[in-house]
Amino acid sequence: QVQLVESGGGLVQAGGSLRLSCAVSGRIFSINALRWYRQAPGKQRELVAGITSGGSTNYGDFVKDRFTISRDNAKNTVYLQMNSLKPEDTGVYYCYVEVVVYLGEYARRYWGQGTQVTVSS
């Protein structure tokens, strides 16, 4: 099976920074898409950032050059560097990956357990 372990969340003041990590382990042939989502209380889960196997990235409109997603293929890890954090960035951040477990199979989807990010004003 595939496991996702997230880390890096916490409490930070507005204007501060945090770096989230998501390490993917287990039986992996290849990792395709890697994404970060977030969910604030009472709101729907929304895409924060994504990165493809080729390194192409996309971001939610609210990011506005504050966040950077990156991946370390050797470590099967995806990162989210978050700068200039705002109170409205508060929420649970989830890692999402699409993993090909066996050659020839379709990619399977996995979610991390979530890590809390709280930005105080």
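Just so you know, all these numbers are worked out from the coordinates, no wet-lab data involved. Predicted model, so just to flag it, every value in this text is computed and none were measured. Every residue, glycine as well, gets a Cβ built from its backbone with ideal geometry; the counts of neighbours run over all protein chains shown.
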TODO: Along Cα→Cβ, 7 Å out, is where each label goes; now give me the distance between the ones at S30 and A107 in nm to one decimal.
DONE: 1.0 nm
Task: Cα centroid separation - the stretch 87-120 against the stretch 35-74, whole Å - done: 10 Å
Open item on the list: As a test, work out the antiparallel percent of DSSP beta bridges whose residues both lie in the chain, rounded to the nearest 5.
Closed with: 90 percent
- [ ] May I ask you to list the aspartates and glutamates whose Cα is less than 15 Å away from that of K86, ignoring any residue fewer than eight positions away on the same chain?
- [x] D61, D65
TODO: Return the aspartates and glutamates within reach of K43: Cα separation strictly under 13 angstrom, same-chain partners fewer than 8 residues apart disregarded; answer none if there are no such residues.
DONE: E88, D89
Task: the stretch 1-66 shape via C-alpha gyration tensor axes, a/c threshold 1.5 - done: prolate
Task: Charge sum, other residues only, whose C-beta stays under 12 Å from Y93's C-beta, Lys/Arg counted +1 and Asp/Glu -1 - done: +1
Open item on the list: Can you pull out the chymotrypsin sites (Phe, Trp or Tyr not before Pro) in the stretch 1-42 whose DSSP state is coil and whose Cβ has at most 12 other Cβ atoms within 10 Å?
Closed with: F29
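What range in the chain is the longest one free of trypsin sites (Lys or Arg not before Pro) that are in a loop by DSSP and have at most 13 other Cβ atoms within 10 angstrom?
Free of exposed loop sites, the longest segment is 76-121.
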Task: Sites matching chymotrypsin sites (Phe, Trp or Tyr not before Pro) across the stretch 59-95 that sit in DSSP coil, with at most 14 neighbouring C-beta atoms within 10 Å - done: F62
Task: Inter-label distance for S53 and S17, nm, one decimal - labels placed 7 Å from Cα along Cα-to-Cβ - done: 3.2 nm
